[in-house]
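J.: One structure, pasted below without further comment.
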Amino acid sequence: MPAAFPFVERVRFEGPESRNPFSFRHYDPDAVVDGKPMRDHLRFAACYWHTMRNGLGDPFGMPTALMPWDDGTDALSNCLHRADAFFEFLEKCSIDRFCFHDRDIAPEMGTLRESNAMLDRVAEHFAQRMQASGKKLLWGTACLFAHPRYMAGAGTSPDVRVFAHACAQVKHAMEVTHRLGGDGYVFWGGREGYSSLLNRDMPRDLGHMARLLQMAVDWKSELGFRGALFIEPKPREPSVHQYDFDSATVLGFLREHGLIGKVTLNIETNHATLAAHDMEHELRVAAAAGALGSIDANMGTPNCGWDTDQYPTDYALATRVMEVVLATGGFTNGGLNFDAKRRRESWRPEDLFHGHIAGMDAFAFGLKAAAALRADGRISAALRARYSSWDGDLGRRIEQGGASFNELERAVIDEQVGPPASGAQERLEDTWNAVVWDGRARR
Ligand code: XUL
Ligand code: CO
């Protein structure tokens with residue numbers, strides 16, 4: 001097969017002054033930041049669905065993407081050519097990992113047995129390509145939202161046979177993920193929700209969803225799969241209301257059903273903003289529960305209201321994300337998966353590179369800037385100082401559960417309790433800017 005991307009040999013680090021659009025200005029995979037090479041901090045992954053399968057159609061217009069390596073059929077030979085083009089892309093773009101849905105890489109056939117056989121055949125080819133290239137699987141997942149049978153959900157379908165089909169599909173997708181040495185397996189419940197409460201029994205749906213997840217936990221140990229199980233929250237789209245609304249909702253659900261600690265979170269930027277949260281908020285909620293597993297790195301357009309899945313090219317946003325990642329000690333099974341697609345106007349194969357390069361450079365910058373903020377220490381010192389009254393005797397007793405209303409009343413009843421110290425938000429924002437924009441991260 002001729003090369004899918006003949007216009008580029010290999011994207012390499014050339015430094016911040018480079019004017020070569022096929023180079024990295026910040027991502028230098030082997031450069032050490034905070035004691036670890038950048039590639040191991042960032043654990044970049046490209047996703048198969050947007051990179052190879054998204055023709056860039058939208059609800060009003062036809063696909064625009066030029067994909068000369070793809071004949072548009074579901075033939076096995078086409079699935080294998082597509083996979084070859086993908087591995088060429090990973091190699092040339094210096095991306096170490098990837099993610100996929102079962103139905104991205106192999107088509108749905110007449111029965112699940114036939115679909116499984118097709119998936120196995122394509123996965124075998126993936127295994128060979130992975131072996132030859134050293135590329136790794138960050139996570140796999142099952143597409144439980146595209147086929148009409150899943151129109152009313154999969155794990156939350158009102159139809160028990162659809163539920164059973166979803167479980168069987170997950171079983172095989174987990175098996176393939178395990179075979180390919182995946183670090184994780186994702187549950188994104190795109191249609192696990194409703195558009196009207198007139199026809200949905202919400203508590204029953206949630207109970208069913210918990211059963212599916214518990215069976216996945218059991219299957220994981222039966223398989224001997226050592227990767228992590230992740231839930232990816234999203235508040236809506238395509239459902240009007242999705243049960244996995246945001247980090248806090250998912251954590252409450254996991255606690256209620258005895259799944260906390262067994263399943264962690266894969267948090268996506270554009271899903272956070274659809275839930276009217278900052279990405280940083282979602283990450284910190286998950287991190288506080290020890291449940292920050294992985295990240296789908298993208299961004300949205302705030303004034304649009306859709307999940308636009310843009311490449312994460314915003315350096316400040318990437319810095320805030322990496323501050324949380326570094327604060328938790330870094331990824332173990334997780335990584336940064338570019339769940340991102342080109343704009344419909346960016347139809348050339350070259351644009352796949354430019355999207356990933358821009359995202360990788362933003363996160364490499366973010367990593368350096370977050371490390372610089374930690375080394376600088378002024379912001380964390382100010383945060384500690386703001387809470388210092390809690391470090392005294394009274395604060396400690398309250399935090400440890402040893403205080404009562406009577407004791408607290410005695411402590412303040414004859415005092416003139418004034419305002420707390422200034423929050424100094426503007427000074428902190430100025431310090432943040434100084435470290436991030438004026439500091440070493442730029443170089
Ligand atoms: C959809 C989305 C999914 C998941 C995997 O918004 O983010 O692609 O990441 O199913
Ligand atoms: Co995603």
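The values are calculated or read from the model by the stated rules, or taken from the named source; none is laboratory data. Keep in mind the model is a prediction, meaning the values are calculated, not measured. Here Cβ is always computed from backbone atoms with ideal geometry, including for glycine, and neighbour counts include all displayed protein chains. Ligands, DNA and RNA are excluded from the accessible area calculation, which covers all protein heavy atoms including side chains. Shrake-Rupley method; radii C 1.70, N 1.55, O 1.52, S 1.80 Å.
J.: Six or more apart or on different chains, Cβ under 9 Å: which pairs go from a residue in region 4-23 that's assigned to a loop (DSSP other than H, G, I, E, B) to one that's modelled with pLDDT under 95 and not β-branched (Val, Ile, Thr)? Could you list them?
T.: If the second residue must be modelled with pLDDT under 95 and not β-branched (Val, Ile, Thr), the pairs left are Gly15/Arg443; Pro16/Arg442; Pro16/Arg443.
J.: Being open to solvent by 20 Å² or more (accessible area, probe 1.4 Å), within 16 Å of ligand 2 (Cβ to nearest atom) and closer than 22 Å to Leu292 by Cα is true for just one of Phe245, Phe230. Which residue is that?
T.: Working: Phe230 fails: open to solvent by 20 Å² or more (accessible area, probe 1.4 Å).
Selected residue: Phe245, the only one of Phe245, Phe230 that is open to solvent by 20 Å² or more (accessible area, probe 1.4 Å), within 16 Å of ligand 2 (Cβ to nearest atom) and closer than 22 Å to Leu292 by Cα.
J.: Next question, about the same structure. Return the only residue of Val170, Val162 being touching a helix residue (DSSP H, G or I) at 6+ places or on another chain (Cβ under 9 Å), under 27 Å from Gly72 (Cα atoms) and not in a loop (DSSP other than H, G, I, E, B).
T.: The conditions single out Val170.
J.: Also, quick follow-up: Which numbered condition trips up Leu283, out of (1) crowded, with 24+ Cβ neighbours inside 10 Å; (2) more than 21 Å from Tyr185 (Cβ to Cβ)?
T.: Of the numbered conditions (1) crowded, with 24+ Cβ neighbours inside 10 Å; (2) more than 21 Å from Tyr185 (Cβ to Cβ), the odd one out for Leu283 is (2).
J.: Report yes if some residue within region 299-315 is assigned by TED's automatic domain parsing to the domain that holds Phe225, buried (at least 17 other Cβ atoms within 10 Å of the Cβ), touching a helix residue (DSSP H, G or I) at 6+ places or on another chain (Cβ under 9 Å) and part of a helix (DSSP H, G or I); otherwise report no.
T.: Checked region 299-315: at least one residue is assigned by TED's automatic domain parsing to the domain that holds Phe225, buried (at least 17 other Cβ atoms within 10 Å of the Cβ), touching a helix residue (DSSP H, G or I) at 6+ places or on another chain (Cβ under 9 Å) and part of a helix (DSSP H, G or I).
J.: Moving on to the next point. Looking only at region 280-304, count how many residues are more than 16 Å from ligand 2 (Cβ to nearest atom) and in contact with an Asp or Glu (Cβ under 6 Å, 6 or more places away or on another chain).
T.: Just the residues of region 280-304 that are more than 16 Å from ligand 2 (Cβ to nearest atom), to begin with: 280-281, 284-285, 287-291, 301-304.
Still in the list and also in contact with an Asp or Glu (Cβ under 6 Å, 6 or more places away or on another chain): none.
Residues flagged as more than 16 Å from ligand 2 (Cβ to nearest atom) and in contact with an Asp or Glu (Cβ under 6 Å, 6 or more places away or on another chain) within region 280-304 amount to 0.
J.: Could you list all residues from region 180-197 that are open to solvent by less than 10 Å² (accessible area, probe 1.4 Å) and in a strand (DSSP E or B)?
T.: Selection gives Gly184, Tyr185, Val186, Gly193.
J.: Would you be able to say whether some residue in region 223-240 is in a helix (DSSP H, G or I), at pLDDT 95 or above and among the aliphatic types (A, V, I, L, M)? Let's see the steps before the verdict.
T.: Taking region 223-240 and keeping what is in a helix (DSSP H, G or I), we get 223.
Those still in the list that are at pLDDT 95 or above too: 223.
Subset that is among the aliphatic types (A, V, I, L, M): 223.
Yes, because at least one residue in region 223-240 is in a helix (DSSP H, G or I), at pLDDT 95 or above and among the aliphatic types (A, V, I, L, M).
Matching residues to (1) hydrophobic (A, V, I, L, M, F, W, C); (2) assigned by TED's automatic domain parsing to the domain that holds Ser239; (3) closer than 22 Å to Lys262 by Cβ:
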{"position": "Phe163", "(1), (2), (3)": "yes, yes, yes"}
{"position": "Ala168", "(1), (2), (3)": "yes, yes, yes"}
{"position": "Lys171", "(1), (2), (3)": "no, yes, yes"}
{"position": "Thr177", "(1), (2), (3)": "no, yes, yes"}
{"position": "Tyr194", "(1), (2), (3)": "no, yes, no"}
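J.: Examine region 290-297 for a residue that is in contact with a Phe, Trp or Tyr (Cβ under 7 Å, 6 or more places away or on another chain), at pLDDT 95 or above and assigned to a loop (DSSP other than H, G, I, E, B), and state whether such a residue exists.
T.: Taking every residue of region 290-297 in turn, at least one turns out to be in contact with a Phe, Trp or Tyr (Cβ under 7 Å, 6 or more places away or on another chain), at pLDDT 95 or above and assigned to a loop (DSSP other than H, G, I, E, B).
J.: Only one of Leu292, Leu336 is assigned by TED's automatic domain parsing to the domain that holds Met38, away from ligand 1 (no atom under 13 Å from the Cβ) and closer than 25 Å to Leu367 by Cα. Can you tell me which? Walk me through how you get there before you give the answer.
T.: Numbers: Leu336 fails: away from ligand 1 (no atom under 13 Å from the Cβ).
Leu292 is the lone residue from the list that is assigned by TED's automatic domain parsing to the domain that holds Met38, away from ligand 1 (no atom under 13 Å from the Cβ) and closer than 25 Å to Leu367 by Cα.
J.: Tally time: how many residues in region 40-67 are buried (at least 20 other Cβ atoms within 10 Å of the Cβ) and free of Cβ contacts under 8 Å to residues at least 60 places away in the same chain?
T.: Residues that pass the stated criteria total 2.
J.: Working only within region 145-179, note down all residues that are among the hydrophobic types (A, V, I, L, M, F, W, C), open to solvent by 20 Å² or more (accessible area, probe 1.4 Å) and within 23 Å of the chain's Cα centre (by Cα).
T.: Phe145, Ala146, Cys167
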